[in-house]
1. Between Lys124 and Asn69, what is the spin-label point distance in nm, taking each point 7 Å from the Cα along the Cα→C-beta axis?
2. Relative to a virtual label point 7 Å from the Cα of Glu76 in the Cα→beta-carbon direction, which members of the range 94-124 show backbone nitrogen distances below 17 Å?
3. DSSP loop (so not H, G, I, E, B), at most 10 other Cβ within 10 Å: list which chymotrypsin sites (Phe, Trp or Tyr not before Pro) in the range 54-145 pass both filters.
4. Treating only the Cβ atoms of Lys and Arg (+1) and Asp and Glu (-1) as charged, compute the dipole magnitude of the chain about its Cα centre; round to the nearest 20 debye.
5. Once you put a point 7 Å from the Cα of Phe109 and another 7 Å from the Cα of Lys135, both along the Cβ direction, what distance in nm separates them?
6. What ranking do 36-43, 116-123 get when scored by the average of other Cβ atoms within 10 Å per residue, highest first?
7. Highest GNM mean-square fluctuation, the chain, Cα pairs closer than 10 Å: which of Glu76, Glu141, Glu15?
8. Which pairs, out of Lys90/Lys110; Lys34/Lys85; Lys106/Lys134; Lys4/Lys115; Lys10/Lys113, put more than 18 Å between their alpha-carbon atoms?
Amino acid sequence: MSEKLICANKRAFHEYHIEERLEAGIVLVGTEVKSLRAGKSNLTDAFVLVRNGEAWLHNLHIAPYDFGNRQNHEPERQRKLLLHKKEVEKLHARIRLEGCTAVPLKLYFKDGKVKVEVGIAKGKKLHDKREDMKKNDLKREHAKEFKIKAR
């Protein structure tokens with residue numbers, strides 16, 4: 001099982017507390033896959049909605065394929081996520097009842113197929129973000145000190 005990362009949503013970890021993760025397939029057309037192989041995608045503003053018992057990925061930007069013809073894809077179209085029915089129902093219940101959000105965390109190739117890691121998350125408050133920034137600063141300082149002592 002080889003995984004090749006295409007892109008990651010670093011902003012999601014700053015904005016949300018990730019409570020649960022799901023792996024989902026995604027319905028794509030040929031030029032989208034070729035563009036993803038070239039690494040031309042952006043997950044920053046993407047989110048997942050559940051409609052009519054199906055999960056849809058919105059605002060995932062996949063740049064048009066450079067060598068595509070007139071049948072090239074639309075960059076920010078809605079894309080269907082491939083999940084089991086139970087997973088979709090669970091996702092829908094968490095979003096609707098608990099006030100959670102579903103955000104894509106990373107996009108990657110797994111055994112030649114494009115997969116999306118979807119995180120069920122709750123939004124962070126401003127003070128939570130500040131605490132995380134303080135923790136990261138402390139980790140950075142400790143790493144610096146350790147590096148200096150190691151010399």
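1. Going by the 7 Å Cα→Cβ label model, 4.8 nm.
2. 104
3. Of the chymotrypsin sites (Phe, Trp or Tyr not before Pro), the ones in loops of the range 54-145 whose Cβ has at most 10 other Cβ atoms within 10 Å are Phe67.
4. The calculated dipole for the chain is roughly 460 debye.
5. For the pair Phe109/Lys135, the computed spacing is 3.4 nm.
6. Taking the mean over residues of other Cβ atoms within 10 Å, the ranking is 116-123, 36-43.
7. Residue with maximal mean-square fluctuation among Glu76, Glu141, Glu15: Glu141.
8. Lys90/Lys110; Lys34/Lys85; Lys106/Lys134; Lys10/Lys113
Here, each number is a calculation from the coordinates, and none is a lab measurement. The shown structure was predicted, so the numbers you read here are calculated from the model rather than taken from an experiment. Reconstructed Cβ throughout: ideal geometry from the backbone, glycine too, with neighbour counts over all protein chains shown.
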